Amino acid sequence: MTEGTGRYMAWPATTRYGLSVAPGNLGLVQDFLNTITEGTIAPPDLLATLDSAQEWADQVTEQWISIDELGWAKTLPRLTENDRKALAAFRDRLFEGLFGHSHSETASRAGRNNLTYRPVLTVSTEGIGLRPDGEGWKYFETALLLICHQGQIEGVLRRMKSCKSDTCDVVFYDRSNNNSAVWHDVKVCGNRANVRAYRERAASH
Ligand SMILES: [Zn+2]
């Protein structure tokens, strides 16, 4: 998938930050991570209430189904309050797994090592493959992990980054030639960091 196809507008969470979206199914992972509230725009955390989480879930599954090339997308059951909490906790784990830091400062550390996911190995005339498995929203989480796993193998996952700013975790997709971008928005987060560094230098003289 390339930018500017019109599909761009359909990832509901990432669109709120006006960002370029990750290609293919990786856009789903990026969108899930960008349900956070962040940055100067600070739209609401979409997983904060059951209503907003359901609205996001409806939009994102529709978009997932429309771009899915792997045959993994499917409509998922209506979210329960437990699903919503589990998704928010999973979002933190994914931030840790991908970027080495949690998003939420209040993330519970209880039972941290007990999350396991079981993909399914398949063999067909198209070769050997992996696909997600599991009930309900656990299936969704497994799918996200498998998409990341595939992105790792294809070398595109390292282009998906969380903004380097101390106060911003927005997840962007780096399309620069040398994969060197660190800010989700150079004008906002980059400038703020430059100003701070300048002040610190000035203060130390
Ligand atoms: Zn940022």
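A short reminder: the numbers here are calculations on the coordinates, not readings from a lab. The structure displayed is predicted, hence computed values, not measured ones. Quick reminder, even Gly has a Cβ in these numbers, built from the backbone with ideal geometry, and neighbours come from all protein chains shown.
Points worth noting:
- Restricting region 20-75 to residues that are surrounded by fewer than 20 Cβ atoms within 10 Å (Cβ to Cβ), of a type in the set (Asp, Glu) and outside any loop (DSSP other than H, G, I, E, B) leaves a set whose member that is farthest from the chain's Cα centre (by Cα) is 51.
- Any hit, region 182-203, residues being surrounded by 10 or more Cβ atoms within 10 Å (Cβ to Cβ) and in contact with an Asp or Glu (Cβ under 6 Å, 6 or more places away or on another chain): no
- Members of region 117-165 that are loosely packed, with under 11 Cβ neighbours inside 10 Å and hydrophobic (A, V, I, L, M, F, W, C): 121, 123, 128, 153
- Filtered residue count, region 148-205, keeping only those that are near the ligand (Cβ under 10 Å from one of its atoms), under 16 Å from the mean Cα position of the chain (by Cα) and among the acidic types (Asp, Glu): 1
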